[in-house]
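Data first, discussion second: the structure below is written as structure tokens.
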Amino acid sequence: MAPIYVVGHKNPDTDSIAAAIGYAWLLHERDGEDAVPARAGSVRPQTEFALKHFGVDLPVLLEDASPRFRSIADPIKPLAPDSPLSEAWRQSAVRGRVMPVVDAQGRPVGMVTSQSVFNYLSKRLDLADRPFRDLIGVPAGQACDPNVPRFNANDRISDYRDRIFNAQYDDFWVVDGEGRYVGTCRRADMLQPPRMRLVMVDHNEVSQAVNGLEEAELLEVLDHHRLGTINTTTPISFYVSVVGSTSTLVSERMRLARLNPPPGIAGMLLSGLLSDTLVFKSPTTTQRDRMSGLWLAWMAFGVDEAERQMREYGEELLRAGADVAGQSPQDMIRADMKEFEAGRVSFSVSQIEVTSFMPVLERAGEIRQSLAEMCEQRGHELAALMVTDITANNSLLIASGPGKYLERLPFSRKDEGVWDMPGIVSRKKQLLPTLLGVLQG
């Protein structure tokens, strides 16, 4: 059975990475699945800090879930060019497939097919009186078709469907980046390739999901955000609940299964929970988050003084993600950017955490310019950056978009394109509903 990739949203935060790691572990331990934690982008300094602190490996990078030629490559053992044609003929008859011929460097020479053998013999009708064994004793490299199309193993199959439909061939080469033989594939394989099996955590909107989602087999969604729009061809397990982090949902399922995670897994889930709830200071925090946090702290640090260690670690974790020194405006915007739709209006909201507004305010003009460029590049009506001071539990909003939207914002203007949002720290629960109302109003 193909592995299941557990993956969070693009521009992953600590909760997204932690939930993927924790839920993959649970699927393996509880269900015996070959579950692989994955990420749909680069991780941030805060997440790197948590991974290093608990000695956990970085999840594999999964930028696109579309089927690749590697997934349909049949690694038939090839023949050398000097192998007799009779051997190619014999193996082809046994397998019911073409026979690949590859040189000593691993590069394709050609494929022995019924048509290539017919063409070879047709050109040698003057040898018709020779014994048949002599005719099929020639080197296979002389009787193969050298013009069979080639596809890179890492290329997306969907990018070549038109070429496949128009090709005269039913069998094709699959090669690596150096042009070396990987296997062969058939037209039928390309038209119905195996789909990658996915579980989505910490998101449920297509715009935030790994590229190629529509070509994958989505098995399950586990999330704590608003409902987006995902169409599936078959029923799936879909669970969304009002808690502060997806790591809470994963830990609850572990407890339900009566499985205690190892310290590293527990520590990562605790990191995701503490990050998303701002160490229980965010208005998104629930009693379920607090209970899960304490249980995970027991698993990660031991029972003795677990609560104290949890809070001390939480403060370290938040500080690890709050340094924007050296970051460009583009880095600030793209690090934690989520895209949304309000009716026919598309927009994005990014968020960064700081310990002081001053370094960001000094660059507000540059940030607004980058937001405007983001709108143009991605076709958004509005782009905003939410700057959250984790020490004061306040936020600023820097935004770029049409005046008809910006004028409706119910916040006090601090400067050109900058608004003060005292007491607002949650993009999901506090800011997003406001922006949806403004854009849909």
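The values are calculated or read from the model by the stated rules, or taken from the named source; none is laboratory data. If you're wondering where the values come from, they're calculated on a predicted model, not measured in any experiment. Every residue, glycine as well, gets a Cβ built from its backbone with ideal geometry; the counts of neighbours run over all protein chains shown.
If you scan segment 280-324, which residues turn out to be polar (S, T, N, Q) and in contact with an Asp or Glu (Cβ under 8 Å, 6 or more places away or on another chain)?
Taking segment 280-324 as the starting set, the residues that turn out to be polar (S, T, N, Q) are 282, 284-287, 292, 309.
Result: 282, 284, 292.
Of note, residue 237 does not satisfy the criterion of being surrounded by fewer than 19 Cβ atoms within 10 Å (Cβ to Cβ), out of contact with any helix residue (DSSP H, G or I) (no Cβ under 9 Å at 6 or more places or on another chain) and under 16 Å from residue 432 (Cβ atoms).
The single condition from (1) surrounded by fewer than 22 Cβ atoms within 10 Å (Cβ to Cβ); (2) under 22 Å from residue 203 (Cα atoms) that residue 20 fails is (1). Sub-9 Å Cβ pairs linking a first residue in segment 155-184 that is assigned by TED's automatic domain parsing to the domain that holds residue 112 and more than 19 Å from residue 111 (Cβ to Cβ) to a second residue that is among the small types (Gly, Ala, Ser) and in a loop (DSSP other than H, G, I, E, B), at least 6 apart or interchain, are 156/66; 156/212; 157/66; 158/66; 158/212; 159/66; 177/153; 178/106, ordered by first then second residue. Candidates in segment 306-337 are the residues that are modelled with pLDDT of 90 or more and of a type in the set (D, E, K, R); of these, the one that is nearest to residue 396 (Cα to Cα) is 319.
To keep it simple, each residue is scored yes or no on (1) assigned to a loop (DSSP other than H, G, I, E, B); (2) on the phi < 0 side of the Ramachandran plot; (3) in contact with a strand residue (DSSP E or B) (Cβ under 7 Å, 6 or more places away or on another chain); (4) at pLDDT 95 or above.
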residue: 227; (1), (2), (3), (4): yes, yes, yes, no
residue: 235; (1), (2), (3), (4): yes, yes, no, no
residue: 243; (1), (2), (3), (4): yes, yes, no, yes
residue: 253; (1), (2), (3), (4): no, yes, no, yes
residue: 266; (1), (2), (3), (4): no, yes, no, yes
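Restricting attention to segment 176-201 and to residues that are within 30 Å of residue 17 (Cα to Cα) and of a type in the set (Lys, Arg), the residue that is modelled with the lowest pLDDT turns out to be 195. Taken residue by residue, segment 321-344 has at least one member that is of a type in the set (Ser, Thr, Tyr), out of contact with any Gly (no Cβ under 7 Å at 6 or more places or on another chain) and assigned to a loop (DSSP other than H, G, I, E, B). Pairs are defined by a Cβ separation below 6 Å, a sequence spacing of at least 6 or placement on different chains, a first member in segment 379-406 that is within 19 Å of residue 338 (Cα to Cα) and in the same structural domain as residue 427 (by TED's automatic domain parsing), and a second member that is assigned to a loop (DSSP other than H, G, I, E, B) and of a type in the set (Asp, Glu); the pairs so defined are 401/381.
Of all the numbered requirements in (1) outside the structural domain of residue 256 (by TED's automatic domain parsing); (2) closer than 16 Å to residue 387 by Cα; (3) not basic (Lys, Arg), residue 345 misses one, and that requirement is (2).
Tallying residues that are part of a loop (DSSP other than H, G, I, E, B) and over 25 Å from residue 225 (Cα atoms) within segment 272-313 yields 4. The single condition among (1) surrounded by fewer than 23 Cβ atoms within 10 Å (Cβ to Cβ); (2) over 19 Å from residue 9 (Cβ atoms) that residue 293 does not satisfy is (1). Mind listing just one residue for me: the one in segment 40-74 that is assigned to a helix (DSSP H, G or I) and among the β-branched types (Val, Ile, Thr) and, of those, surrounded by the most Cβ atoms within 10 Å (Cβ to Cβ)? Filtering first and then ranking leaves 47. Please state which of the following conditions residue 219 fails to meet, knowing it meets all the rest: (1) aliphatic (A, V, I, L, M); (2) assigned to a loop (DSSP other than H, G, I, E, B); (3) farther than 20 Å from residue 338 by Cα. For residue 219, the failing item is (2).
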